[in-house]
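A short reminder: the numbers here are calculations on the coordinates, not readings from a lab. These numbers come from a predicted model, not from an experiment. Glycine also receives a Cβ, built like all others from the backbone with ideal geometry; neighbour counts cover every protein chain displayed.
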Amino acid sequence: MNTPNAQKNKTTVTICGKDYTMVGVESEEHIRRVAVYIDRMMEEMMCTYRLSQPMAAVLTAMNLADELLQAQDENTRLRRELLEMSEKLKKDPEE
């Protein structure tokens, strides 16, 4: 969660051979981990499909958004299932 008083970390990362300075409340390790993940995805897109860097960036963003939405849907499903089980146990703890 991004709070106004949180300590911000400044980290330089390399993605597709270009340096970017990232600022965020996350740890430097986390920011680097994210950058490595993005770099690998973009490199794979560019090599596999022979795409330009801008096109690879768009497709990487699309793939990441898809992964995020699928994870959110799964999270929602699991929460609903957990709530249903919890309600069932409240009604009949012997089951």
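Highest mobility in the GNM of the chain, judged by mean-square fluctuation with C-alpha springs under 10 Å and restricted to Glu28, Glu44, Glu74, is found for Glu74. Comparing mean-square fluctuations of Ala65, Ala35, Ala56 from a GNM of the chain with C-alpha springs under 10 Å, the top value falls on Ala65. Under a Gaussian network description of the chain, with springs only between Cα atoms under 10 Å, the residue in Met45, Met85, Met22 that fluctuates furthest is Met85.
Taking 0.36 nm per intervening residue step and subtracting the Cα-Cα distance, what contour gain separates Leu89 from Val36 on full extension?
Gain on extension, Leu89 to Val36, equals 14.7 nm.
Taking the C-alpha atoms only, the angle from helix 28-49 to the longest principal axis of the chain is near 70 degrees. For the stretch 3-34 versus the stretch 35-71, the spacing of their alpha-carbon centroids is 19 Å.
From the Cα trace of the stretch 2-54, what convex hull volume per residue do you get, rounded to a whole Å³? Numbers along the way, then the final one.
Details: hull volume 4.2 nm³, N = 53.
Measuring per residue, one finds 78 Å³ for the Cα hull of the stretch 2-54.
Among the listed options (i) 38; (ii) 62; (iii) 45, the one matching percent of Cα pairs over 19 Å apart as calculated from these coordinates is (ii).
Seen against the Cα atoms of the chain and their longest principal axis, helix 53-91 is set at about 10 degrees. In the chain, helices alone account for a calculated mean residue ellipticity at 222 nm of -23000 deg cm²/dmol, with every DSSP H run of four or more residues adding -39,500 (n - 2.57). FRET efficiency for the Val23 to Glu43 pair, using the beta carbon distance and R₀ = 25 Å, is estimated at 0.55.
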